[in-house]
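Trainee: Supplied in structure tokens, the structure appears directly below.
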Amino acid sequence: EKDSKALWIVLGWHTDGINNEKDWATLNVLNAILGSGMSSRLFVDLRDQQGLAYQVGSDYSANIVKGVFSTYIGTNPQRAKEAKNGLLTEINKVKSEFVTDKELQDAKTKLIGHYILSMETNGEKAATVNWLEITGRGFEFIQKYPDLINSVTKEDIKSAAEKYFSKPYFM
């Protein structure tokens, strides 16, 4: 038997929903930069460099009116305070510093690529169109998505981070 223990810390912030298209796109790009994959800031800084995480990342999900942006880390219980502070440090960095051009472009490329791949089958296309119609964005949004993602700037990222991450977080 392996005696292993992990403590999970999740920090979340309320956001606007998908009706605020600019913030929705910006938070999707920020999510790709901050916590999506092994090249993300959270993975590189908290797992690779500091060894704080078994698993780490972020998530952004939104409905029509509201959304939630969250960060999470699975860590050794003895390093919980350090891990939580690490998450908050990364959040504070995106509030106070611009992301790099490379981070921004890589995130946009990743999001648009995943979007295209997510509609490879007729079933996936039908599900996407259904969701777009239900949420009031309409079929045309399929063509609008890449332009919306590509319109996100470093200034947009910093502004959205300041707007949402200056509010109290919940655990």
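The values are calculated or read from the model by the stated rules, or taken from the named source; none is laboratory data. These numbers were taken from a predicted model, which means no experiment stands behind them. Note that we place each Cβ from the backbone using ideal geometry, even for glycine, and neighbour counts take in every protein chain shown. In case anyone asks, the SASA skips ligands and DNA or RNA and just uses the protein heavy atoms, side chains included. Shrake-Rupley method; radii C 1.70, N 1.55, O 1.52, S 1.80 Å.
Trainee: Sequence gap at least 6, Cα distance under 8 Å: using those rules, report the relative contact order of the range 24-162 to the nearest whole percent.
Mentor: Once normalised by length, the contact order is 28 percent.
Trainee: Accessible area per residue, 1.4 Å probe, Å², for the chain: what's the number?
Mentor: On a per-residue basis, the chain sits at 55 Å².
Trainee: Of the heavy-atom accessible surface of the chain (probe 1.4 angstrom), what whole percent is carbon and sulfur?
Mentor: 53 percent
Trainee: May I pose another question? Which one, W13, W24, W131, has the greatest fluctuation when you compute a Gaussian network model over the chain with C-alpha springs under 10 angstrom?
Mentor: So, out of W13, W24, W131, the one fluctuating most is W131.
Trainee: Shifting gears a bit: For the range 1-139, state the semi-axes of the equivalent ellipsoid (square roots of 5 times the eigenvalues of the alpha-carbon gyration tensor), sorted largest first and rounded to whole angstrom.
Mentor: Equivalent ellipsoid semi-axes, largest first: 30, 17, 15 Å.
Trainee: Can you give the accessible area of E140 in Å² (nearest 10), computed on protein heavy atoms with a 1.4 Å probe?
Mentor: Per-residue accessible area (E140): approximately 130 Å².
Trainee: Another one. Order the peptides 108-115, 52-59 from the highest to the lowest mean number of other Cβ atoms within 10 Å of their residues.
Mentor: 52-59, 108-115
Trainee: Using a simple charge model, +1 on the beta-carbon of Lys and Arg, -1 on the beta-carbon of Asp and Glu, nothing else, what dipole does the range 8-62 show about its Cα centre, in debye to the nearest 20?
Mentor: It comes to approximately 140 debye.
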